[in-house]
Amino acid sequence: MASEREQGAGRPNPPAVPLVPGRPPGGGRGAPVQKAKDRAGTLKRLWSYIGRERKWLAVVFALILADSGLTLAGPYLIGVSVDAISGPSGGGVDFGLLEAALIGLTAAYVGDAFLTWLQGWLMAGVSQRIVKSLREALFAKLHKLPLAYFDTRRHGEIMSRLSNDIDNVSTTVSQTTSQLMSGVIAIAGSLVMMLALSPLLTLASLITVPLVYLLARTIAKRTSSLFREQQATLGQLNGQIEETISGIEAVKAFNREDKVIEGFEDANRKLRDVGIRAQIWSGFLMPLLSVINNIGFAAVAIVGGMLAVKGMVTVGVIASFISYSRQFVRPLNDLANVYNVLQSGLAGAERVFEAMDEKEEAEDAAGSVRLTAPRGEVEFENVTFGYCPDAPIVRGMSFRAKAGESVALVGPTGAGKTTVVNLLTRFYETTGGRILIDGRDIREYTRDSLRGVFGIVLQDTYLFSGTIKDNIKYGREDATDEEVREAAAAANADAFIRQLPKGYDTELSENGGNLSQGQRQLLAIARVVLAKPSILILDEATSSIDTRTERHIQEALLHIMRGRTTFIIAHRLNTIRDADAIMVIDKGTIREKGSHDELMRKQGDYYRMFRNQFKNIVQEA
Amino acid sequence: MGNWVKYIRKYGLSFGVAFLLVAMEAACDLLQPTLLARMIDEGVATLDRTAVLRYGGYMLLVTAVGAIAASGRNIVSSQVSQRFGSELRSDLYRHIQSLSLRNLDRFDRASLVTRLTNDVTQLQNFVNGMMRIFAKAPILCIGSLVMAIRLNPRLSLVLVVVVPVVGALIALNIRIGFPMFLRVQAAMDRLNGIMREYLAGVRVVKAFNRFAGESEKFGRVNEEFRRSSANAMRRMAVFNPAILLTVNFGIVAVIWLGGLRVDGGSMQVGHIVAFVNYMTQILFSLMLISMVFNMLVRAKASVGRMQEVLSVRDETTWQEDAGRLLDGSGRVDFERVSFSYNGPVGAPALKGIDLSVRPGETIGIIGSTGSGKSTLVGLVPRLHDATEGAVKLDGVDVRLLDPKLVRDRVAVVPQKPMLFSGTILDNIRWGREDATEEEVAEAARMAAAHDFIAALPEGYRTKLGQGGVNLSGGQKQRISIARALVRKPRVLILDDCTSAVDVATEAAIKEALRSYARGLTCLLIAQRITSVMDADRILVLEGGEVAGIGDHETLLRECRIYQEIYRSQIGEEMHSDGVRA
């Protein structure tokens, strides 16, 4: 495969500025100056994945070593056969010797082909395993990232790291590893031969080594930043594509095709331009190397000629020397090329590691305990939260929900109701105060066990592709079919599911596109019913469901709310009037708190909101 | 393959130039050994320093010419392959954007993304690789063949066997590799699909603590990808050694046959040596050719996948001059409209809907979940086309109209607000690109969004994440409404778009619409009866059919389903102490 790849490198950070002239101590071998530390670090981390395969890599190395021997045997045996045909001092053909030589040659060729195949076969496994574990590690990392990471990036951009960038690493590993090994072996071999022939000529032909090094370094310096830019641009383009394909319904509804195409073209053009530059620069390596090689040959010939005049070497030595130095130069070129391809791989790896270095959700504190089957007593103690300190979204909030109580949160959009839920489930961490469940700070529980006790029906229902059954089972994977059906029945979803041609085995298209919004919400509720959580959170759970259906669901919800602490966020006030406590929230603080009747008597905010909601009817009645 | 001709036409010339440059490069490569030999023979051997320097100079000159050719070729091939790739990607993207939703539903969205990125890249790599060595390898190969045959026609009989075998191997390679790489790309689709789903549903994953389950799902697909890639690469790994072995067997045969002939006195040893040298050259060039074919196999799989998308013709049709018939009144008619998502044979989602909406009228639409409300209004902007009957705008069947024209006049606020990454301003301007900031603020005010936007630290320039994730549900809905209003449409469709907005805010929005929407035809889907009860008329849908139509009072008297809905929402409230007060 060609060394140039469309994918190159890059990260969204501003391009690194060359800070220190000269090489930093212990900088990577031939690494470009300004990035030496990063590159070496990236390489080292990459090795931690490659190194897992060191057993197989050692086998591949052994194969290559053996193969190099066979490759050398070929020309030697051809020489023997030719001698056999020429016959001992002009006699007839020595068929005995010829036969033996040709059998040997055949064996060597078969061996060579076999070893080459085995090598390729093994490397395919090795490189794909390395890539798989890298991809796995990145995906595992995603689990530990806070929601804020996903909220601020385009999905396609994150996807690009998992596909395009890792792909780059994959190509690099599979392309360069065996080339690197065979190159080192070949260089070592020819160097020994050359030194044995003539140390002086060896010195002359080594003139090219620093030149090759300088050239590779100069080009790699360019390409490494270009590749990095290319990978970053590719990520952006991927983000652009993914978002506009996902939202194509909106694109069409608003006639925005031309506009999104324009945005796409921008990113596409950027990628093309940086791609051209990256490819041209890396493409210069080979022609320039051949110039250097030929300068090397000329140098050997000229020095050789002068030495021959002085009688220090024979013509024969010069002739074979040139052919050895050819053998020396070829792998040297290969290595230079490997170095260049490596830049592209490192550019990909860098972006993968960059994601792996993102700040994670805080680790569970030492000594944190598992929260299992809590009574469900929830207390907010002077809780404050804000993305930035000067604009708090929740300020000094204190309340207490007794075990089994239902608490409704009402208030205008953006008042901070959903934030309260996000704090309780530790999607976000409080910036002040503390939240207690069963009298213990939620930060003292392990995060997983904490989230395990909640059953949440979110404002934006999300269904995964798969069958309806799978989606309901998302709440509890070991549930039986019967339990699934019961949960669906409780959520009033059983009826419509049964009407579908394949019932519970109906495959949902992406994000449940073949169901109506309301039906999707019913499934989301069934999912929670099945999970049997200790604390229930209903965040606008029924807002897209028609009110007749909602009544049935409410019955079901009332049923599962029994004995469970429940938080309800709703705009339709009639859905929450039976709650044990209603809290009116505005601008991040609790304005009023009490039961429906208490609040109605008080004639405050809640009273006004409630009246407002039925104003029309009252006027007409 | 008609789609591809235009690229050949466009890049053919550059391709030709690259071909010439590669040929020049190859010629220089071929000259080098000869010059070196003469330098040794005429210079070093005779200790002639000027000859050494002369041939050394020639060598450098040839090197320089070769390097120039190679560099030129590098520039041309980089330009061509990258430009070709980017143009192809662009054409594919444009094509996808031009397709109707119905056509698009045939493809998995994640797969479309893969096709636009990875598949284009595969083809681009192939084009670049081909331009680098395509000319060189055949020139070397054919040159060596000709030289070998001229040298010794008898020994060339070996080549008669070797060359077809190698050809067969290459053909076999393509045959076997093609389906394997199709599988690799399909696995890549699934990997992207899982990833995409994970990202879109990350809140649910976290809420349900389902990391383990997701990891397992991902692990399975990842393993599948690993296996299919490793399998494909392993299969491919057979062919290079096989070609190597075939040619090497040829060399053994040449030496053996040569030995026999030398024994018979009809041939010289030197010929054997030279012949073997040519065979080595042929081997080298065949390896290069086989490398190109390795890329071809992958590229072929990708081309097939792109072709699959490109060959989908948009089934949406219209008449160019029908647009003149639009009088701008904003009248909407549904005439015996039936619709099924699966074409005429599928289960109907709508059955025989008849409704005429007068210009400026507000129609409320109510009905239970899955009764076909969204489907019905989606027919107006031609998101889908009626299976039977006709939907008319200004009295013109929308199927005669360019969808663009219809969508310019009809603005939809979807149930699920689809916001895009960018600023709030950008998102509202989706409705109309050239809206001034004044107009944007005006629309936001009507949608009751201005206050909360203005309260944000960066106001209208606040950046949203993909899908507007950093806003609450109600805020997203209001921006989505503002986006439709800034468009100043003739027909406004509100698809239950205030479900997450509190009642006071909803009332404010409706009030603003009432003053703004004078003369604006409005289709309003809602769950809350209070949202629709003051509409001019209300359409009650049940199971895809009209269950009642009329104003609030009429329906309350005559429509059973409407009564039920009313009771479920309001009946109880009427008895509550609060409202009676």
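The values are calculated or read from the model by the stated rules, or taken from the named source; none is laboratory data. It should be emphasised that the depicted structure is a prediction, and the values quoted were computed from it without experimental measurement. Glycine also receives a Cβ, built like all others from the backbone with ideal geometry; neighbour counts cover every protein chain displayed.
Worth a mention:
- Matching entry among B:Arg183, B:Arg196 (being surrounded by 20 or more Cβ atoms within 10 Å (Cβ to Cβ), in contact with a helix residue (DSSP H, G or I) (Cβ under 6 Å, 6 or more places away or on another chain), among the basic types (Lys, Arg) and assigned to a helix (DSSP H, G or I)): B:Arg196
- Put simply, of B:Ala237, B:Ala187, B:Ala207, B:Ala200 the only residue that is within 9 Å of another protein chain (Cβ to nearest Cβ) and modelled with pLDDT of 85 or more is B:Ala237.
- Scanning the stretch A:294-313 for residues that are without any contact (Cβ under 8 Å) to a residue 24 or more places away in the chain and more than 8 Å from chain B (Cβ to nearest Cβ) yields a count of 2.
- Positions within the stretch B:413-459 being of a type in the set (Val, Ile, Thr) and outside any loop (DSSP other than H, G, I, E, B), in sequence order: B:Val413, B:Thr423, B:Ile424, B:Ile428, B:Val440, B:Ile453
- Test: residue in the stretch B:293-306 that is crowded, with 18+ Cβ neighbours inside 10 Å and more than 25 Å from the chain's Cα centre (by Cα): yes
- Segments classed as strands (runs of 3 or more DSSP E), wholly inside the stretch A:383-461, with at least 1 members that are under 24 Å from A:Asp605 (Cβ atoms): A:394-401, A:406-410, A:432-437
- In the stretch A:169-182 there is at least one residue matching the filter, namely being within 10 Å of chain B (Cβ to nearest Cβ), surrounded by 18 or more Cβ atoms within 10 Å (Cβ to Cβ) and closer than 30 Å to B:Ile96 by Cβ.
- Positions within the stretch A:304-327 being surrounded by 18 or more Cβ atoms within 10 Å (Cβ to Cβ) and under 18 Å from B:Thr63 (Cβ atoms), in sequence order: A:Ile322, A:Ser325
- For the stretch A:82-92, the criterion of being touching an Asp or Glu at 6+ places or on another chain (Cβ under 7 Å), in contact (Cβ under 8 Å) with a residue 40 or more places away in the chain and more than 16 Å from B:Thr280 (Cβ to Cβ) is met by none of the residues.
- Checking each residue in the stretch A:73-121 for being within 41 Å of the chain's Cα centre (by Cα) and at the interface with chain B (Cβ under 9 Å from one of its Cβ atoms) picks out A:Asp112, A:Ala113, A:Phe114, A:Leu115, A:Thr116, A:Trp117, A:Leu118, A:Gln119, A:Gly120, A:Trp121.
- Taken over the stretch A:128-152, the criterion of being facing chain B (nearest Cβ under 7 Å) and outside any helix (DSSP H, G or I) is satisfied by A:Thr152 alone.
- Check on A:Arg272, crowded, with 20+ Cβ neighbours inside 10 Å, out of contact with any Asp or Glu (no Cβ under 7 Å at 6 or more places or on another chain) and farther than 18 Å from B:Ala69 by Cβ: yes
- Members of the stretch A:188-229 found to be at pLDDT below 85 and touching a Leu at 6+ places or on another chain (Cβ under 6 Å), listed by number: A:Thr202
- Any hit, the stretch A:103-110, residues being modelled with pLDDT under 90, in a helix (DSSP H, G or I) and among the polar types (S, T, N, Q): no
- The listed residue being of a type in the set (A, V, I, L, M, F, W, C), touching a residue at least 24 places away in the same chain (Cβ under 8 Å) and either farther than 17 Å from B:Val380 by Cβ or out of contact with any Leu (no Cβ under 9 Å at 6 or more places or on another chain) (or both), out of B:Val469, B:Val491, B:Val546, B:Val540: B:Val540
- Scan the stretch B:461-475 for residues that are crowded, with 20+ Cβ neighbours inside 10 Å, more than 9 Å from chain A (Cβ to nearest Cβ) and assigned to a helix (DSSP H, G or I) and the total you get is 1.
So that you can scan it fast, the table gives a plain yes or no per residue for (1) assigned to a helix (DSSP H, G or I); (2) more than 9 Å from every other protein chain (Cβ to nearest Cβ); (3) more than 18 Å from A:Ile85 (Cβ to Cβ):
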site	(1), (2), (3)
B:Val221	yes, yes, yes
B:Arg226	yes, no, yes
B:Ile251	yes, no, no
B:Met291	yes, no, yes
B:Met295	yes, no, yes
B:Lys300	yes, yes, yes
B:Glu308	yes, yes, yes
